[in-house]
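In what follows, a single structure is set out as C-alpha cells and then discussed.
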Amino acid sequence: MAEVHYMTQEGLDKLKKDLADALAQRPVIAAAIGEAREKGDLSENAEYDAAREAQETEADFSHGKLAATTPIGRALIGHCKGDVVEAKVPSGVLKFKILDISL
C-alpha cells in the first residue's frame, strides 16, 4: 500500500523543480560516482547524504510549517478550525486549538 505524504502546493512545486534538476544532472552525477569508485574514494558522509536525500518533509518552524509525520502533525490531521486537539509527545500531552488552516 502506498504511503501518503502531505505537503503544500509550494512544496509540490519545489519537488517538481528538484526532480527536473536532478534528471538534468544525472549524467554528471553518474560520471562522478564512477570516478570516485575507480579511485576508491567514497564519501565519509555517505550515510548523512543518503538520509538527507530520503527526507520528505517540508517542516520549517520559522515559517509556521509543521511536518505531518511528527506527533503534533499526526494529531492535527483531519481536524477543523475551532477544534481542540490533544497530541501525545515525548514530554506528555499538549493541547492545541486550531485557529486557522491555510494552504
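Data for the structure
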{"quantity": "Point-to-point label distance, residue 5-residue 96, nm (Cα→Cβ direction, 7 Å offset)", "calculated": "2.0"}
{"quantity": "Rounded, prolate or oblate (a/c below 1.5 giving rounded, otherwise prolate when a/b exceeds b/c) for the range 58-103 by Cα gyration tensor", "calculated": "oblate"}
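The numbers here are math on the coordinates, done by the rules we state, and not lab data. Note that the coordinates shown come from a computational prediction; the quantities given were computed from them, not determined experimentally. Using ideal geometry, Cβ is built from the backbone for each residue, glycine included, and neighbour counts are taken over all protein chains shown.
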